[in-house]
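What follows is one structure encoded as structure tokens, with my remarks underneath.
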Amino acid sequence: MPPSKYRIIIKNQSGRHQDCSLFSGSPGPTNTSTTTFNTVLSSNASYPNSQVEFEIDARNYAVVGISRGTPGPGIKTHFNSRDVVVRSTRPNGTPIPGTTLSLIVSSNDPPSFTKGPPPETNDPGTFEIVTSPNFTQDEAVTGNWLIGIGFDAGDGVKAATAWTPVPNADYIIIPQRIFYLALGKYTVGDIVDLSRTKSIMFNLDSYLYKGVIAIISDKKGRLTIEK
């Protein structure tokens, strides 16, 4: 059985204090092109000749919330989450349907999720987010609304990947456990530009039955996954 949690161990062999931060690079919806944003999932201090750990919950989440300004690097976010099931098949061949959530919008409250209609796709590994026609794209943009995929890495569920919703859409999503470990001080929940971080990428699905990944930070500032 795959583990319910994954441990990421960083071994600091650099000889100096380092800050380590965790992000996710799970892609956005598969059926439409949209600008996506990633946030800092967790951050820890690492001392010379010691190790620090991150613990990632294996469950998948959908997130809905807002950014505290136009979405971009360094902007703070706030999300609520719902755990989701991705479509799969039981050993006897019967399907397990993926979760579908509906985005609810009212004039007095921030956007939120409720249980949605039956899924539109039979693709394995998917869940869906459906939006209603009762808001405009301008409202979503000016309100800094965001929806997306979330993971819990010890600091509560944060947005792995998020985007601004458009009305009357059906987003088909395949969560992927792609993560980045970076050196540097980042604030949990802030949006980050992954291309500007000094990071190493790893896919938890490659360690499906192991449950533990060790990363070495050496004296030259390099990050390598321990064999």
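All of the numbers you see were taken from the coordinates with simple rules; none came from a lab. Given the structure is predicted, the values throughout are model-derived calculations rather than measurements. Every residue, glycine among them, receives a Cβ derived from its backbone with ideal geometry; neighbour counts consider all protein chains shown.
Taking the Cα centre of region 5-225 as origin and assigning +1 to Lys and Arg Cβ atoms and -1 to Asp and Glu Cβ atoms, the resulting dipole is close to 940 debye.
Which shape class, rounded, prolate or oblate, goes with region 15-64 when its Cα gyration tensor gives a ≥ b ≥ c as root eigenvalues, a/c under 1.5 marks rounded, and past that a/b bigger than b/c marks prolate? It is prolate, given that a/c is not under 1.5 and a/b is the larger ratio.
Quick check for me: using +1 on Lys/Arg Cβ and -1 on Asp/Glu Cβ, what's the dipole size of region 54-183 about its Cα centre, in debye to the nearest 20?
Numbers: 9 positive and 12 negative charges, 41 e Å.
That gives a dipole near 200 debye.
Within region 5-225, what is the number of lysine pairs with alpha carbons under 13 Å apart, leaving out pairs fewer than eight places apart on the same chain? Taking region 5-225 as the scope, the lysine pair count is 5. With neighbours defined as other Cβ atoms within 10 Å of a residue's Cβ, the residues LYS220, LYS158, LYS198 order from fewest to most as LYS220, LYS198, LYS158. Each DSSP beta bridge with both residues in the chain is either parallel or antiparallel, and the antiparallel ones are about 85%. The Cα atoms of region 1-105 give a gyration tensor whose axes a ≥ b ≥ c have a/c of 1.5 or more with a/b no greater than b/c, which makes the shape oblate. Just want to confirm a number: the relative contact order over the chain, from Cα pairs under 8 angstrom separated by 6+ residues, in percent. Reported as a whole number, the value is 32 percent. Given region 5-225 reduced to its alpha-carbon atoms as identical point scatterers, what log10 I(q)/I(0) does the Debye formula return at q = 0.12 Å⁻¹? Treating every Cα as an identical point scatterer, log10 I(q)/I(0) equals -0.65.
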